[in-house]
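Visitor: Please see the structure below; I have some questions.
Here, each number is a calculation from the coordinates, and none is a lab measurement. Note that the structure is a prediction, hence the values are computed from the model and not measured. When we count neighbours, we look across all protein chains shown, and the Cβ atoms used for this are built from the backbone with ideal geometry, even at glycine.
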Amino acid sequence: MGDFEIVTLDPAIADRPSSTPSGIVPVREIRFHSRGWMPAELDRLREMIGAGTPWEEIAIAFNRTIETVKTKAWERGLYRPKLRPWTEDEDRVLVTEYGTVPTATLAIRLERGVPAIYVRAGFLGLQKAAPPPWSEAEDAVLREVYATDATIAEIAARLGRPGSGVISRASHLGLRRPEGPKPWHPDEQALALKLAEEGHRYPSIRRKLAAKGFPPRAESTFQAFIAASGYQRGWGRPWIEEECDLLRLSYQTGGNLVALAHQLGRSRTSIRWKAAELHLSGTHPKPNGARQGRPWTEADDQILRANYGRGRMKTADLARLLDRPKSAVYNRAFTLGLDHGYCRDWTQDEDLLIRIAHAAGVSITDLAQVVQRDPTIVSKRAIKLGLPFSRRNRTAPRNLRADRPVLDRAAILALAAPTGPAGDPWRSFKVVQVFGHE
């Protein structure tokens, strides 16, 4: 016989106390959510807020938005420690520079918010210095130049005051600017039209006219003159005859206008504008348009009718099946008059299901799955019927949805019995069973 190790087996004792390490915390059940907060995250959030970590850093640490982090902190009753007190050096800077330095600049220098600067300045009794009163000499200059051709900016620079102050003082003195723009000189009109024919842009034309000694014109004034003169032109450089020939050829052969726009270095708007001028609009041989995909066939329309709508195939999957973009699927469905189901009208049967679910304590989420609508849409309809689910006598059960029976229309109708006359669409009923409760 070989050597064997002798092992002693202790008998099993049912009432033997089990040793649990002190560091282990009992597991507790939490409601599942794809972006739910775990207990460890809540503890870390409490620590970071207590340490005064900025909201931006907290949001980055949890990979969430700042609004989400602030909302969770408010729900948990977490608050930041009190703001740091103002020091004597900060008060000295505020007393010496408030009113002369912009408040935003002071806020950046002191690393505080602009509202905090205003509050502290009010506590210290500081006020921004008001502008000096207008003197008789300034009023005399204003009366002399306000009715001339000088601009408000030129008058303000001459008096050393802001433009708003000049306008306010002129209104107080009853002064008025010259009425209307100066009339157009024939030479000015001829030069403006000549520059427009050469292809110069309108702002450049206005600058060139002012450089020639003509009065400066506002953009609206110049555009009004151009419109009144009957001059019209497309944007950008003028079209040459070779480009027009290519555009005509694309309309004759059914070419792609988007590719032509890239080839010519022009925008789609320019292509459409020139096509309308050449009377080519609507003559493209493709029935579906020059910039769209292949034409829709009867087989494509049948697939779209059979699978389009809520509760059927997803629109993205349907687009891949048809080898088209989602926008093309939506546009074709609209052309065919197909209803997706998101905005369909409410029926009397659905209103009856809402009334029974409201009275029998059915969850609005379960009800939304039965009627195949969004819970928000169901809630809006219930409020419109005067049956808000947030205020009712019987609330939804608190147990897990997986432990509840699966509901359908028949199951909801079975929760109540009609009490009205025959043919009445259950305007009056009584609850015979409360959902989710024994």
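Visitor: Mind listing the phi-derived Karplus ³J(HN,Hα) values for region 97-110, rounded to whole Hz, using 6.51, -1.76 and 1.60 with θ = phi - 60°, and x for any glycine or proline?
Guide: Once rounded to whole Hz, the list reads 10, 5, x, 10, 9, x, 4, 4, 5, 4, 5, 5, 5, 8.
Visitor: Turning to a different aspect of this structure: Grab the beta carbon distance between L191 and I152, set R0 = 30 Å, and tell me the FRET efficiency rounded to 0.05.
Guide: Details: r = 27 Å, r/R0 = 0.90.
So, using R0 = 30 Å, E works out to roughly 0.65.
Visitor: Now for a different question. Using alpha-carbon positions, what is the distance between the centroids of region 239-318 and region 356-401, in Å?
Guide: 47 Å
Visitor: Can you pull the one-decimal nm distance between simple spin-label points at V95 and D339, each 7 Å off the Cα toward Cβ?
Guide: 7.5 nm
Visitor: Past 32 Å, Cα to Cα, is the threshold; run K72/K430; K70/K314; K72/K326; K128/K182; K314/K380 against it and keep the listed order.
Guide: Details: K72/K430 41 Å; K70/K314 35 Å; K72/K326 37 Å; K128/K182 41 Å; K314/K380 25 Å.
Result: K72/K430; K70/K314; K72/K326; K128/K182 exceed 32 Å.
Visitor: Between T65 and K326, what FRET efficiency follows from the Cβ-Cβ distance if R0 is 30 Å, with the result rounded to 0.05? Mind showing how you got there, number by number?
Guide: Details: r = 27 Å, r/R0 = 0.90.
That gives a FRET efficiency of 0.65.
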